[in-house]
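Chemist: Following this message is one structure expressed as structure tokens.
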There are 2 protein chains.
Amino acid sequence: MARQGLTAERLAKVGAELADEIGFDQLTVSAVARQVGVQPASVYAHLSGTGDLRARVALLALEELADLVSEALAGRAGIDALVAYADAYRDYARAHPGRWAAMQTPLDPATAARSAGPRIAAMTRAVLRGYDLAGEDQTHAVRLIGSSLRGFIDLEAAGSFDHSGPAPAVSWRHTLVALDTLLRAWPPRAEHDHGQPTLEGR
Amino acid sequence: MARQGLTAERLAKVGAELADEIGFDQLTVSAVARQVGVQPASVYAHLSGTGDLRARVALLALEELADLVSEALAGRAGIDALVAYADAYRDYARAHPGRWAAMQTPLDPATAARSAGPRIAAMTRAVLRGYDLAGEDQTHAVRLIGSSLRGFIDLEAAGSFDHSGPAPAVSWRHTLVALDTLLRAWPPRAEHDHGQPTLEGR
DNA sequence: GTGCTCTACCTACAGGCTGTAGTACAAATC
DNA sequence: GATTTGTACTACAGCCTGTAGGTAGAGCAC
């Protein structure tokens with residue numbers, strides 16, 4: 001009855017917190033409405049639906065992560081920058097699993113262009129400035145780093161590392177050192193009996 | 001009216017195909033019922049609900065992938081085995097996006113133990129037998145490989161590589177060569193001005 | 001073939017979520 | 001105080017889940 005002062009921004013913020021608690025795939029218009037103590041229909045005055053809600057949470061998460069990465073990278077280079085960059089990702093994902101999940105769902109191209117995604121991409125390339133990479137090699141390196149970090153974080157979040165060996169944090173450190181090693185020696189060369197079979201297609 | 005001969009196995013198979021078409025997150029009891037031309041309630045005679053349906057699709061996908069990987073690895077070692085292993089993963093994910101997504105969702109521990117997951121894990125370690133890794137190093141290597149491949153495949157599926165540089169397949173080859181290089185030189189060592197800052201915690 | 005049993009599949013329904021239409025009431029402006 | 005604006009409401013239609021209880025076909029005994 002009394003006005004709550006709902007806005008799309010506030011709903012996105014509530015949605016982000018709720019996603020961290022109950023999981024991004026459980027995030028619905030109804031859940032947000034319940035959380036702020038309002039009827040579901042009222043939310044539709046500010047959001048166009050569940051898809052809109054989730055996209056806004058994703059945008060919010062990208063902004064937050066971009067800010068954290070930006071802060072982490074300040075004044076660092078080489079492996080220090082790489083570690084700071086990677087830790088910013090992993091720390092964020094662990095602290096905010098719902099927002100992390102939100103960031104993984106593809107945005108439509110127009111929205112993606114307006115998001116903080118490009119800002120993050122630029123910082124990723126900035127990390128690689130500490131290494132000696134030119135042209136396409138840089139793209140390959142960006143993709144390798146992105147793949148490894150995202151894969152590790154997803155597997156850790158899914159609990160895939162829970163039932164074996166040393167703590168994930170130890171493997172994480174090894175992974176970062178390994179990536180640093182690779183970047184310093186880029187491009188990698190297959191030195192194998194058969195020559196370079198892997199670059200010949202199948 | 002006429003009997004369809006529904007079974008849990010057949011429903012899981014239909015579910016797998018449907019997931020590839022409409023997306024794993026759109027896979028519901030209702031959708032499967034529609035697909036086989038039956039009332040939703042009838043499906044509950046064979047499955048305990050949407051969760052059960054999705055878990056069965058995941059198990060089916062794990063079996064399929066395990067068979068493919070097993071076949072791909074036969075008679076190969078070293079980088080050839082690594083490439084065959086990785087390509088089996090990527091090919092499967094590209095051919096069956098819904099089943100790939102199904103495999104990513106965590107199963108409950110009891111089900112996971114009975115799945116083809118352990119079989120796949122054993123084959124992953126088999127790939128590493130071509131390299132000289134002992135004890136914990138092997139675990140770290142398994143995790144790095146798993147992370148990199150899964151991350152790459154997920155990013156490619158999400159379309160993250162669509163708007164830049166060379167074709168993903170090119171980066172994929174580079175990634176595999178890079179991983180091979182790393183495995184041959186394992187453990188990686190940080191050779192940096194500051195010593196080994198990354199192994200000291202933060 | 002008649003009757004029995006099992007079970008596959010059905011209709012009907014309760015409850016939750018989405019999204020739309022139309023309404024009441026609070027706040028801001030004049 | 002009257003008007004305007006917009007916030008939040010009730011009511012509803014539609015789809016999905018999952019349960020309860022009923023019908024009919026398949027296989028078997030005789």
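Chemist: Between helix A:117-128 and chain A, what is the angle of the helix's C-alpha long axis to the longest principal axis, kept within 0 to 90° and rounded to the nearest 10?
Modeler: Taking the Cα atoms of chain A, the angle to A:117-128 is about 20 degrees.
Chemist: While we're looking at this one, here's another question. Please work out whether region B:111-157 counts as rounded, prolate or oblate from its C-alpha gyration tensor, where a ≥ b ≥ c are the square roots of the eigenvalues and a/c under 1.5 means rounded, while otherwise a/b larger than b/c means prolate and anything else oblate?
Modeler: Oblate is the answer for region B:111-157, as a/c is 1.5 or above yet b/c matches or exceeds a/b.
Chemist: May I ask you to derive the relative contact order of chain B, considering only C-alpha pairs under 8 Å and at least 6 residues apart, and to give it as an integer percent?
Modeler: Computed over chain B, the figure is 20 percent.
Chemist: Measuring nothing but label to label, 7 Å from Cα along Cα→Cβ, what are A:SER42's distances to the other copies in nm, shortest first?
Modeler: 4.5
Chemist: Okay, next question. Between 0 and 90 degrees, rounded to the nearest ten: what's the tilt of helix A:78-95 against the longest Cα principal axis of chain A?
Modeler: 30 degrees
Chemist: Inside 10 Å of the C-beta atoms of B:82-93, what's the mean count of C-beta atoms belonging to other chains?
Modeler: Whole-number average of other-chain Cβ neighbours for B:82-93 is 1.
Chemist: Same structure again: Using only Cα atoms, tell me the angle between helix A:136-157 and the longest principal axis of chain A; keep it within 0 to 90° and round to the nearest 10.
Modeler: Tilt relative to chain A: about 60 degrees.
Chemist: Which residue in chain A puts its Cβ closest to the axis that rotates chain A onto chain B, and at what distance in whole Å?
Modeler: Residue with the nearest Cβ, plus whole-Å distance, for chain A: A:GLY151, 1.
Chemist: Can you list the distances in nanometres, one decimal and ascending, from the A:PRO118 label point to the identical position in each other copy, with the point 7 Å along Cα to Cβ?
Modeler: When each copy's label point is compared with this one, the spacings are 5.1 nm.
Chemist: Follow-up. Viscosity 1.002 mPa s, temperature 20 °C: Stokes-Einstein D of region A:72-202 from its Kirkwood Cα radius, in µm² per second?
Modeler: Answer from the Stokes-Einstein relation: 130 µm²/s.
Chemist: Let me have the 222 nm mean residue ellipticity of chain A computed from DSSP H runs of 4+ only, each contributing -39500 (n - 2.57), with the sum over all residues rounded to the nearest 500.
Modeler: About -21000 deg cm²/dmol.
Chemist: Name the shape class, rounded, prolate or oblate, that the alpha-carbon gyration tensor gives for the protein assembly as shown, where a ≥ b ≥ c are the square roots of its eigenvalues, rounded holds for a/c under 1.5, and otherwise prolate holds if a/b is larger than b/c and oblate otherwise.
Modeler: It is oblate, given that a/c is not under 1.5 and a/b is not larger than b/c.
Chemist: Shortest first and in nm to one decimal, what separations exist between A:ASP91 and its copies in the other chains, measuring from label points 7 Å along the Cα-to-beta-carbon line?
Modeler: In nanometres, ordered from closest: 4.3.
Each value in this text was obtained by applying a stated rule to the coordinates, not by laboratory testing. As the structure is a prediction and not an experimental result, all values here were calculated from the model. Note that we place each Cβ from the backbone using ideal geometry, even for glycine, and neighbour counts take in every protein chain shown.
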